[in-house]
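See below for the structure under consideration.
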Amino acid sequence: MILNYKIEKKSYKATFCHNKESPDIYKALSNLYSDKKMILVIDKNLNKNFTKYLFKDLKKTGLEVNLLRVDGSKINKNKSFLFKILDELIKKKFSKKSVLLSCGGGVVGDVSALAASLYLRGMIYFHIPTTMTAIVDSCLGGKTGINYNNIINSVGNYYHAQNVFISKNVLELIPTREFLAGIPEIIKSGLINNSKILKLLEFNKKNYLKRNYRYLSNLIKLTLLTKIKFFKDDIYEENKRLRLNFGHTFAHAIEMSLKSKKSDVIRHGEAVGIGMLCEIYYCHGKNNLFRLLERLLVHYNLPTSLRNFKKSGYKERLEKNIYKNIFLDKKKISNNPRIIKLIKIGKSQIIEMKNKNRIKQTIKKIILK
Ligand SMILES: NC(=O)c1ccc[n+]([C@@H]2O[C@H](COP(=O)([O-])OP(=O)(O)OC[C@H]3O[C@@H](n4cnc5c(N)ncnc54)[C@H](O)[C@@H]3O)[C@@H](O)[C@H]2O)c1
């Protein structure tokens with residue numbers, strides 16, 4: 001199965017690869033007009049067998065494959081990671097017609113795409129997403145970025161992978177936490193666009209957890225089609241695309257406030273789940289949509305607050321930091337951060353959060369309850 005879409009008259013694809021080996025990947029890469037050099041930027045936390053087989057398959061493309069292993073944890077989404085890739089490209093004398101293939105979660109994808117866009121003002125770029133968040137969300141849409149000066153994605157641009165490979169092998173090997181953490185982004189697509197997605201999640205937990213490929217590929221397809229629908233005519237996020245940020249104003253504030261030097265305390269998708277609860281609560285209180293979302297998050301064992309993340313004696317500082325970080329929202333056009341107001345399933349609008357007391361109340365009652 002292939003999802004084809006166009007951006008500014010150029011064609012792009014997402015290819016579902018369900019064979020044990022990766023013929024779709026090497027077929028796409030073998031037929032490329034390139035200088036026959038490739039850099040594979042790959043997360044070193046991936047299953048070793050998968051890496052070994054992928055490397056072997058890529059050699060069959062006839063391209064000279066150079067391997068760059070990286071640590072794709074969120075704390076590494078920074079300029080050192082970006083320059084590590086750029087330095088390697090310079091050292092090995094890659095050209096504009098060389099290929100960068102990234103294989104990893106949202107972090108590896110966002111940073112690699114940024115490097116691919118910057119090197120010689122743009123080289124050939126492909127991606128294999130390896131977490132559920134990356135598969136259903138970050139792999140498409142072309143947003144690249146690094147975190148800089150304590151602000152999430154403060155440096156970045158737009159650069160699209162020519163082809164994104166959704167691999168059955170990868171789906172089978174994703175660790176449970178990364179597999180579940182993508183669910184809130186799937187729910188988001190259901191809430192802003194397509195109630196069928198919500199039903200698929202609500203009534204098919206077994207299929208999800210057992211990683212039934214037929215079921216998963218349908219769920220992923222519907223979620224990616226939602227994303228394509230919202231971004232393809234509004235790449236630079238002036239209107240329609242903003243709706244894909246549902247939950248993200250609060251989510252990013254949570255992520256920035258919980259940043260730990262040692263490990264990734266909360267996954268992006270987990271924060272998006274709590275963020276969507278906050279945005280509904282800010283607008284409507286605990287209405288039916290709030291209850292539906294809460295039920296789905298609990299159904300898949302996902303967090304609905306920071307209960308399990310906050311340390312004791314730390315609550316007041318966390319509350320202040322979250323409040324402060326909400327005002328770093330990149331969507332704001334005045335001093336007020338903006339959120340997505342969900343009116344009903346499939347209908348939303350972007351609004352400014354003008355009520356500071358309500359923001360504080362939302363942090364207290366939902367995030368830190
Ligand atoms: N560009 C976009 O449109 C977009 C959309 C959503 C999220 N994002 C970004 O994506 C990032 C979050 O990405 P994520 O949730 O995919 O997590 P991640 O990339 O931070 O990965 C989480 C952890 O899982 C590891 N990992 C990844 N795949 C694995 C696998 N198959 N097996 C074992 N370990 C694996 C990573 O090394 C890391 O330690 C954030 O930086 C966020 O800003 C971007």
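The values are calculated or read from the model by the stated rules, or taken from the named source; none is laboratory data. Computed from a prediction, not measured in an experiment: that's the story for all the values here. Positions of Cβ are backbone-derived with ideal geometry, glycine not excepted, and every protein chain shown enters the neighbour counts.
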Just one of Lys59, Lys37, Lys48 is away from the ligand (no atom under 12 Å from the Cβ) and either under 23 Å from Lys168 (Cα atoms) or out of contact with any strand residue (DSSP E or B) (no Cβ under 9 Å at 6 or more places or on another chain) (or both); which is it?
Lys59
Whether any residue in the stretch 193-208 is within 10 Å of the ligand (Cβ to nearest atom), among the aliphatic types (A, V, I, L, M) and either more than 30 Å from Arg121 (Cβ to Cβ) or assigned by TED's automatic domain parsing to the domain that holds Tyr119 (or both) is what I want to check.
no
Taking the condition closer than 30 Å to Arg267 by Cα, modelled with pLDDT of 95 or more, among the β-branched types (Val, Ile, Thr) and more than 16 Å from the ligand (Cβ to nearest atom), does Val70 pass?
no
Restricting attention to the stretch 240-250, does a residue exist that is free of Cβ contacts under 8 Å to residues at least 60 places away in the same chain and surrounded by fewer than 17 Cβ atoms within 10 Å (Cβ to Cβ)?
yes
Those residues of the stretch 2-34 which are in a loop (DSSP other than H, G, I, E, B) and either of a type in the set (Asp, Glu) or within 16 Å of the ligand (Cβ to nearest atom) (or both), in sequence order
Glu8, Glu21, Ser22
Would you say Ile280 is farther than 16 Å from Leu180 by Cα and touching a Phe, Trp or Tyr at 6+ places or on another chain (Cβ under 6 Å)?
yes
Could you please find all residues in the stretch 258-268 being modelled with pLDDT of 90 or more and either over 13 Å from the mean Cα position of the chain (by Cα) or among the small types (Gly, Ala, Ser) (or both)?
Ile266
If you check every pair at least six apart or on different chains, which have Cβ atoms under 7 Å apart with a residue in the stretch 58-78 that is of a type outside the set (Phe, Trp, Tyr) first and a residue that is assigned to a loop (DSSP other than H, G, I, E, B) and modelled with pLDDT under 90 second?
Ser73/Asp264; Lys74/Asp264; Ile75/Lys261; Ile75/Asp264
State whether the residues of the stretch 203-211 include one that is in contact with a helix residue (DSSP H, G or I) (Cβ under 7 Å, 6 or more places away or on another chain), surrounded by fewer than 24 Cβ atoms within 10 Å (Cβ to Cβ), at pLDDT 95 or above and among the hydrophobic types (A, V, I, L, M, F, W, C).
no
Is the stretch 85-95 home to any residue that is within 16 Å of the ligand (Cβ to nearest atom) and either in contact with a strand residue (DSSP E or B) (Cβ under 7 Å, 6 or more places away or on another chain) or polar (S, T, N, Q) (or both)?
yes
Please find, among Asn301, Asn287, the residue that is over 25 Å from Arg177 (Cβ atoms) and surrounded by fewer than 18 Cβ atoms within 10 Å (Cβ to Cβ).
Asn287
Take Leu198 and tell me if it is more than 15 Å from the chain's Cα centre (by Cα), within 21 Å of Lys229 (Cβ to Cβ) and surrounded by fewer than 20 Cβ atoms within 10 Å (Cβ to Cβ).
yes
Any residue at all in the stretch 338-351 that is in a loop (DSSP other than H, G, I, E, B) and touching a residue at least 60 places away in the same chain (Cβ under 8 Å)?
yes
Count - residues of the stretch 173-206 that are free of Cβ contacts under 8 Å to residues at least 12 places away in the same chain and β-branched (Val, Ile, Thr)
1
For the stretch 64-116, enumerate the residues that are among the acidic types (Asp, Glu) and either part of a helix (DSSP H, G or I) or under 22 Å from Asn153 (Cβ atoms) (or both).
Asp71, Asp87, Glu88, Asp110
Count of the stretch 126-146 residues which are within 13 Å of the ligand (Cβ to nearest atom), under 24 Å from Asn47 (Cβ atoms) and part of a strand (DSSP E or B)
3
Hey, could you check the stretch 1-57 for residues that are touching a residue at least 60 places away in the same chain (Cβ under 8 Å) and among the β-branched types (Val, Ile, Thr) and say which is surrounded by the most Cβ atoms within 10 Å (Cβ to Cβ)?
Val41
Scanning the stretch 147-176 for residues that are within 9 Å of the ligand (Cβ to nearest atom) and under 19 Å from His252 (Cα atoms), which turns out surrounded by the fewest Cβ atoms within 10 Å (Cβ to Cβ)?
Asn153
Can you tell me which residues in the stretch 58-83 are under 21 Å from Phe94 (Cα atoms) and of a type in the set (D, E, K, R)?
Lys59, Lys60, Glu64, Arg69, Lys79
